[in-house]
Amino acid sequence: MRQIVLDTETTGFEAEGSDRIVEIGCLELLNHMPTGKTYHVYCNPERMMPNEAFGVHGIGPDLLEPPQDPQPGQVTLRDKPLFKEVAQGFLDFVQDSQMVIHNAKFDMRFLNAELRRNGFRTLPMDQSLDTLAMARKKFPGSPATLDALCRRYGIDNSNRVLHGALLDSEILADVYLEMIGGRQPDFALSSVATSGGGDGAAGDDWRPFPRPAPLPPRITEAEKEAHGEFVAKMGDDALWTKLSQ
């Protein structure tokens, strides 16, 4: 089972208006284990960065002129590609895999607005899994922000001074895996198809099948002989003798 943990950063909240995506960060999970494969890109939104958005993610703020007093590690978008130039690479990375997103409605709305605006196929909402909804269902009445979930699960997010798409995806992956019971909660048995369907889900009556042929022994004849002599020295009351009868 392949999943993509995803986060975006934007210039604001109006996906269908003048706001744009400025960063996409994704990482790949295979059977609930990170594979190390990631997709990360900054995009030039061709507009000014509002101060409110800059205060959240620190990207920008002025996209039209070089920063007067650049800070170490400050990201500017003047030389970054447009969304239409990275859209196909993003779609190729995601493919048809489930996307794990915190507050999926927000990110999916922006992604599909950008894809639609630039003539690419959009992503169906049911391809996403909303960890915000999961957290609200699992912990009703409790804070469900990513920071609150990190505190609940003891996940170190001390590097998260500002929001960043790839860093937030990495943190979200840890949170998601804790929410579903830890890494590989089903021991990868969910990849075994049921006899009545082809969707790859594990049936409740799944059982392991016997091997078609026994595995060959890995001990040598000399080792077997030496073991037999060792057991013989223990006498007839040796536990190994009783168990092998």
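The values are calculated or read from the model by the stated rules, or taken from the named source; none is laboratory data. Here the structure is a predicted model, which means the values were calculated and not measured. Methodologically, a virtual Cβ is constructed for each residue, glycine included, from the backbone with ideal geometry; neighbour enumeration extends over all protein chains shown. For the accessible areas, the whole protein counts, side chains as well, though only heavy atoms, and no ligand, DNA or RNA atoms are used. Shrake-Rupley method; radii C 1.70, N 1.55, O 1.52, S 1.80 Å.
Restricting the first member to the stretch 1-21 and to residues that are farther than 20 Å from ARG117 by Cα, and the second to residues that are modelled with pLDDT under 90, the beta-carbon pairs closer than 8 Å and six or more apart or on different chains are MET1/SER190; MET1/SER191; MET1/GLY200.
One residue is enough: does the stretch 108-128 have a residue meeting the conditions at pLDDT 95 or above, among the hydrophobic types (A, V, I, L, M, F, W, C), open to solvent by 40 Å² or more (accessible area, probe 1.4 Å) and in a helix (DSSP H, G or I)? Yes. Among the residues of the stretch 215-245, the ones that are loosely packed, with under 10 Cβ neighbours inside 10 Å and either in a loop (DSSP other than H, G, I, E, B) or of a type outside the set (Gly, Ala, Ser) (or both) come to 17 in all.
Residues checked against (1) open to solvent by 40 Å² or more (accessible area, probe 1.4 Å); (2) at pLDDT 70 or above:
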position	(1), (2)
HIS32	no, yes
GLU46	yes, yes
VAL56	yes, no
ILE59	no, no
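Here the condition is being under 23 Å from ARG152 (Cβ atoms) and in contact (Cβ under 8 Å) with a residue 12 or more places away in the chain; of SER128, SER97, it holds for SER128 alone. Is it the case that GLY200 is at pLDDT 85 or above and surrounded by fewer than 14 Cβ atoms within 10 Å (Cβ to Cβ)? Here the answer is no, as GLY200 does not meet what is asked.
Of the listed requirements (1) modelled with pLDDT of 90 or more; (2) open to solvent by 70 Å² or more (accessible area, probe 1.4 Å), ARG183 misses just one: (1).
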